[in-house]
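Right, one structure below, let's go through it.
The values are calculated or read from the model by the stated rules, or taken from the named source; none is laboratory data. These numbers were taken from a predicted model, which means no experiment stands behind them. Neighbour counts are summed over all protein chains in view; Cβ atoms, including those assigned to glycine, are modelled from backbone coordinates with ideal geometry. Just the protein is used for accessible areas: all its heavy atoms, side chains included, with ligands, DNA and RNA removed. Shrake-Rupley method; radii C 1.70, N 1.55, O 1.52, S 1.80 Å.
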Amino acid sequence: MSNRGSHKEFPDAELRSEQEFIDAMYARVDALREDTETSVSEALAQGSTPMQARLERDITVAERSRQLAALNAVDGSLCFGRIDTTSGTSHHIGRIGLRADDTDRTPLLIDWRADVARPFYLATGHTSMGLRRRRHLTTEGRRVTALHDEILDLGDETRTGHEDPTGDAVLLAALNSARTGRMSDIVQTIQAEQDRIIRAPHRGVLVVEGGPGTGKTAVALHRAAYLLYEHRDLLAKRAVLIVGPNPAFLGYIGEVLPSLGETGVLLATVGELFPGVRATAKDSPAAARVKGRAAMADVLAAVVRDRQALPDPVIAVEHDREVLMLDDDLVRVARERTRAADLPHNVAREHFEGHILNTLTDLMAERIGTDPYDGSNLLDASDITQIRDELAENPEVWAAIDRLWPRLTPQRLVADFLAAPDGYVSPEDADAIRRSVTRAWTTSDVPLLDEAAELLGEDDRVARAAAELERETQIAYAQGVLDVSYASRTYEFDDKEEDDPESSEVLSAHDIIDAERFAERQEEEDHRSAAERAAADRTWAFGHIIVDEAQELSPMAWRLLMRRSPTRSMTLVGDPAQTAEEAGVGAWSDILAPYVEDRFEHTRLGVNYRTPAEIMELAAGVVRAEHPDFEPPSSVRSTGVRPWARRTADLPAEVAKAVAELTPSEGRLAVIAPRDLHRTLAARLDGVTAGAEPDLTRTVVLLDPRQAKGLEFDSVLVVEPGRFGTSDLYVALTRATQALGIVHTGELPSALAPAAERH
């Protein structure tokens, strides 16, 4: 709702002026929203229409609906800043761009991604970039509540009374605000080092390394929004894929891009990147390590080759009262000739079928067409063709082919391999990965399924035949429409004089289009977004891929992702110091060398915006105990609140007590504990559940360190830190923005001794 008429509540002229602008801006937004809703309603109200009109209506509905979704998503603090130049011009900066009206090209609101907005993020007192003043607007809904001005032209003596002496008020307010369980965009507080990464060139691989709290995830998401703005034509068609470590993390970041007006991005875990499969089970660390090795590609290739069988010892095929024998030598020749084509297994089957049919045809021709007296061949070419055609209709022939070169699905191939991996991997590895055929898929299985799909390919002969039949039906229908059109035209002009010039110049559909082209125009279009189509297509090539916690992915997972990025246009963010997964690659050069060698850009974020200095000091000590030269990111703030640790003999009771102490009046608390303690602890904590994906919007959530990666909370309670590895403990200790407590029953890691001394 607009605040018009309320400007008298702002005795301050600057606040009143900004409120007037906000009112005008939202009046424009409301008009756009009303126009969009009307367009969608009118399109839907057309009801039953001719095919072409229906297609146009559906396209309009899809485009307008997406536009409406973008407007609704950014309705919050749409405008957050203003820049005043030394030349006297001013621009308001916002989450999307707006024009004053449909005919006026003058911008009302500048999109934060536009070049003209860049000084808002980069200008300083030393390098003003032509700015006189930078203003941050704080709003609640549609009402301006505060202004913070930074003077960049030090020679300008004009003051507004809203000057921020340090220029950090808005940033610190954002850092100290209560968490909601959902990541917020940082578009209002993007720092210079972050802006340079966000706007880096689109092509190639960019690695963004940063310790806890450096904002690397937020930077990656804003980079996605920037690339979609800067390369809209390309990326709107090819889509952007964002890969996260787990579903909870994707839920945590899921509102950032919509808040920036971008709704066409696919967010997924590796376990969701094989259409039709959703990985829900969890592997043991040993199984994940084995399945993640690059060598599994060769293992699966060997499994496929073993399914291309030889007779043991022969296969008998009865045909026309004759018994034909397919022995090892004959099938081996057919198999090697088929393999020489170097095609995926299912695609190559057509070649194998041909070789086997030819072999059987030769056997049959020799059996029935040889003159018993002189051994000459009595059959001509037409006889041979007839024999082959008859063999192709013999079910026993196809049963033999199915035994020797079966059609395979990735799911069946991988399931059968995991049920009986012996002989393909070492006995120890086989014991680690062996599982029931009926067990649910794990995240580590998905790259194996993708590799199998690549090795198998898809025999699309049936699908192509069905598509051709459908096409012929459409052409026949289109021809009927044209015939009716022609008949109607003939009837209409039969009564006209032969010398009537008008009748001779009128064109019908028959004169300008044939049935085939007319049918193509009437084909139903796919109105799903690029992201929706990409999610259903394993072979989709994305315009850009962003991978968060990239150091955790296995070599096999990287093979999957690289197939989806043939142009190698990628942004990888992570921190090798936080590598915890057994199959994680960790080092950037190890990840990328097989695909781009050393041709990638590497940059590092060195400022910690999340973790207070008091907590960061303690967490860094944990890593330094193993790596003395470790340098953590520098924290931008200190809260004066020291982390503490205390020992107890009754862990559930002490955890419940600590939760009561640490739970903020506003915000969120995370209890980070070993997974086997979750049920016991949840039983003592009101409203806390164990076992399911955590609801991060609840006041108190229970997590293990792997689930906590990439997340942040106002307060954190770490339980039994001595049971965590170094990386997991480092992650757990660096999730808090305000307060950190530790509860334990056993001995503390020595690096945490300073926290214990405070209790």
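Annotations
- Candidate set: the range 192-215, residues that are acidic (Asp, Glu) and within 12 Å of residue 604 (Cβ to Cβ); chosen: the one surrounded by the fewest Cβ atoms within 10 Å (Cβ to Cβ): 193
- The one condition in (1) among the hydrophobic types (A, V, I, L, M, F, W, C); (2) in contact (Cβ under 8 Å) with a residue 60 or more places away in the chain; (3) assigned to a loop (DSSP other than H, G, I, E, B) that residue 331 fails to fulfil: (3)
- Yes/no for residue 631 being without any contact (Cβ under 8 Å) to a residue 24 or more places away in the chain and not in a loop (DSSP other than H, G, I, E, B): no
- Top-ranked residue in the range 121-155 [being of a type outside the set (Ser, Thr, Tyr), touching a residue at least 60 places away in the same chain (Cβ under 8 Å) and not in a strand (DSSP E or B); ranked as farthest from residue 79 (Cα to Cα)]: 153
- The residue list 206, 267 contains one member that is of a type in the set (A, V, I, L, M), under 24 Å from residue 576 (Cα atoms) and without any contact (Cβ under 8 Å) to a residue 40 or more places away in the chain, which is 267.
Yes/no matrix, rows are residues, columns are (1) in a loop (DSSP other than H, G, I, E, B); (2) in contact with an Asp or Glu (Cβ under 8 Å, 6 or more places away or on another chain); (3) open to solvent by less than 30 Å² (accessible area, probe 1.4 Å); (4) among the aliphatic types (A, V, I, L, M):
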residue: 614; (1), (2), (3), (4): no, no, yes, no
residue: 642; (1), (2), (3), (4): yes, yes, no, no
residue: 659; (1), (2), (3), (4): no, no, yes, yes
residue: 692; (1), (2), (3), (4): yes, no, no, yes
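- Listed by position, the strands (runs of 3 or more DSSP E) contained in the range 697-759 that have at least 3 residues being open to solvent by less than 40 Å² (accessible area, probe 1.4 Å), in contact with a Phe, Trp or Tyr (Cβ under 8 Å, 6 or more places away or on another chain) and not polar (S, T, N, Q) are 736-744.
- The lone criterion from (1) in a helix (DSSP H, G or I); (2) out of contact with any Lys or Arg (no Cβ under 6 Å at 6 or more places or on another chain); (3) surrounded by 15 or more Cβ atoms within 10 Å (Cβ to Cβ) left unmet by residue 685 is number (1).
- All of (1) touching a residue at least 24 places away in the same chain (Cβ under 8 Å); (2) within 32 Å of the chain's Cα centre (by Cα) hold for residue 676 with one exception: (1).
- Checking each residue in the range 116-142 for being among the charged types (D, E, K, R) and exposed (fewer than 14 other Cβ atoms within 10 Å of the Cβ) picks out only 140.
- Among the residues making up the range 284-332, those that are open to solvent by 70 Å² or more (accessible area, probe 1.4 Å) and either farther than 23 Å from residue 368 by Cα or of a type in the set (Phe, Trp, Tyr) (or both) are 285, 289, 293, 298, 305, 306, 307, 312, 313, 332.
- When the helices (runs of 4 or more DSSP H) confined to the range 169-283 are screened for residues that are under 30 Å from residue 141 (Cα atoms), those reaching at least 3 such residues are found at 169-176, 192-198, 216-230, 247-253, 256-259.
- The range 161-200, residues that are of a type in the set (S, T, N, Q) and touching a residue at least 60 places away in the same chain (Cβ under 8 Å): 176, 180, 184, 188, 191, 194
- Failed condition for residue 257, given (1) more than 29 Å from residue 675 (Cβ to Cβ); (2) exposed (fewer than 15 other Cβ atoms within 10 Å of the Cβ): (2)
- Looking only at the range 334-354, and only at residues there that are hydrophobic (A, V, I, L, M, F, W, C) and outside any helix (DSSP H, G or I), the one that is surrounded by the most Cβ atoms within 10 Å (Cβ to Cβ): 343
- Applying a threshold of 9 Å to beta carbon distances and a minimum spacing of six or more residues, or different chains, the list of pairs starting in the range 283-304 at a residue that is under 19 Å from residue 420 (Cβ atoms) and in contact (Cβ under 8 Å) with a residue 40 or more places away in the chain and ending at one that is part of a helix (DSSP H, G or I) and among the aromatic types (Phe, Trp, Tyr) reads 299/417; 300/417; 303/417.
- Neighbours by Cβ (under 9 Å, 6+ apart or cross-chain): first from the range 590-606, closer than 27 Å to residue 634 by Cα and small (Gly, Ala, Ser); second assigned to a strand (DSSP E or B) and open to solvent by 50 Å² or more (accessible area, probe 1.4 Å): 606/634
- Candidates 228, 234, 250, filtered to the one that is surrounded by fewer than 22 Cβ atoms within 10 Å (Cβ to Cβ) and without any contact (Cβ under 8 Å) to a residue 40 or more places away in the chain: 250
- Within the range 260-283, considering residues that are β-branched (Val, Ile, Thr) and buried (at least 22 other Cβ atoms within 10 Å of the Cβ), the one farthest from the chain's Cα centre (by Cα): 270
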